[in-house]
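Just below is one structure, and these are the notes that go with it.
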Amino acid sequence: MVLAAGLGTRMRPLSQTVPKPLIELGGQTLLDHAIDRLVLAGVERAVVNVHYKAELIVERLAARRQPKIEISREEELLETGGGVMKALPLLGDVFFVVNSDVLWLDGKDYALTRLAGAFEDSRMDAVLLLQRTTSATGYEGRGDYFLDPLGKPRRRTEQEIAPYIFTGVQLLHRRLFEGIADKRFSLNRVYDRADEAGRLHAIVHDGEWYHVGTPEGLAATRARLSSHRIER
């Protein structure tokens, strides 16, 4: 699933006329970059949720030949967790979820393939892809997680500075959403649920990662990528 329903508030003024997923980088849209990563990893069917300027996104997706795309329309914004939960009837038991405002280039192996390989159904409900903050282009925050040698992430406290940022790329099991009555909620809620059950896992990305959710991040990414083509 690709998350593309947000208002793009942090990307204004660029997102006032074009939805953030359709902003171009390196000759194609952010949304196409995200979907291309899925295709390269062998994904044959994807769900994209839409809300803000939805028809522009739907029109763009109609031009793609692969993968098979299904649209999940949100009449009201449901946030990341609510958006995924609404789309569950279109998803399998275990599925990728990726943000449309990030760009990653794979390392030795496809990041999504590594996520799938790390997942163990008997002891995991979620696997997050993390990136070292020191090598995260366009990011100027305090990090999100610490990570122990066994791949168990710990969310930082408000006072801490963590060495890893969550990339917006993940593998989730649908059981994480069981019993949630709210329609609108953040995916952080299911991460915390998995963490409390000891079923949250993470791996570190071995390629490049770019945060392009703001005009500043987009500019930094364009400058960084200006010297080479986006291939992997």
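Each value in this text was obtained by applying a stated rule to the coordinates, not by laboratory testing. Fair warning: this is a prediction, and the values are worked out from it, not measured in the lab. Please note: Cβ atoms are built from the backbone with ideal geometry, for glycine as well, and neighbour counts cover all protein chains shown.
Below 8 Å, C-alpha to C-alpha, sequence gap of six or more: please give me the relative contact order for the chain in percent.
Over the chain, the number comes to 26 percent.
Mean residue ellipticity at 222 nm from the helices of the chain, using -39,500 (n - 2.57) per DSSP H segment of n ≥ 4 over the full residue count, to the nearest 500 deg cm²/dmol?
Helices in the chain give a 222 nm mean residue ellipticity of -7000 deg cm²/dmol.
Tell me, how many Å apart are the Cα centres for the range 43-57 and for the range 1-21?
12 Å
Give the long-range amide H neighbours of TRP209: residues separated by 5 or more places, or on another chain, with amide H under 5 Å away, using H modelled in the peptide plane at 1.01 Å from N.
Correct list: LEU105, THR137.
Alpha carbon centre of the range 106-149 versus the range 193-211: separation in Å?
4 Å
Taking only Cα atoms and a 10 Å spring cutoff, compute GNM fluctuations for the chain and point out the largest among GLY82, GLY138, GLY117.
GLY117
Which length gain, in nm to one decimal place, applies between ILE180 and GLN66 when the Cα-Cα distance is subtracted from 0.36 nm times their residue separation?
37.8 nm
Which lysines, if any, have their Cα less than 19 Å from the Cα of LYS20, not counting same-chain residues under 8 positions apart?
List returned: LYS53.
If exposed GluC sites (Glu not before Pro) are those in a DSSP loop with at most 13 other Cβ within 10 Å, what is the longest stretch of the chain that has none?
Counting at most 13 other Cβ atoms within 10 Å as exposed, the longest clean stretch of the chain is 179-230.
Could you check which residue among LYS53, LYS86, LYS68 shows the biggest mean-square fluctuation in a GNM of the chain with a 10 Å Cα cutoff?
For the chain, modelled as a Gaussian network with Cα springs under 10 Å, the answer is LYS68.
Which ordering of LYS152, LYS20 is given by a fewest-first count of other beta-carbon atoms within 10 Å?
LYS152, LYS20
Between THR133, THR214, THR17, where does the largest GNM mean-square fluctuation fall for the chain, given springs only between Cα atoms within less than 10 Å?
THR17
Looking at the range 2-225, send over the antiparallel percent of its DSSP beta bridges, to the nearest 5. Intermediate values should be presented prior to the final figure.
Details: 21 of 38 bridges.
In the range 2-225, approximately 55 percent of DSSP beta bridges are antiparallel ones.
Let me make sure I get this right: for the range 1-63, a, b and c are the square roots of the gyration tensor eigenvalues over alpha carbons, sorted descending. Under 1.5 in a/c it's rounded, otherwise prolate if a/b > b/c, else oblate. Which is it?
Prolate shape, in that a/c is at least 1.5 and a/b is the bigger ratio.
Quick one: 3J(HN,Hα) in Hz for the range 68-81, Karplus 6.51/-1.76/1.60 with θ = phi - 60°, rounded, Gly and Pro as x.
With the stated coefficients, the range 68-81 comes to 5, 10, 10, 9, 10, 8, 10, 5, 10, 5, 10, 6, 5, x Hz.
Over the range 2-225, what lengths in whole Å, largest first, do the semi-axes of the equivalent ellipsoid take, defined as the square roots of 5 times the eigenvalues of the alpha-carbon gyration tensor?
25, 21, 17
How would you rank SER135, SER100, SER226, going from fewest to most other Cβ atoms within 10 Å of each one's own Cβ?
SER226, SER135, SER100
Go through the range 183-196 residue by residue and turn each phi into a ³J(HN,Hα) via Karplus (6.51, -1.76, 1.60, θ = phi - 60°); whole Hz please, and just put x for glycine and proline.
8, 10, 6, 7, 5, 4, 5, 7, 4, 5, 5, 5, 5, 4
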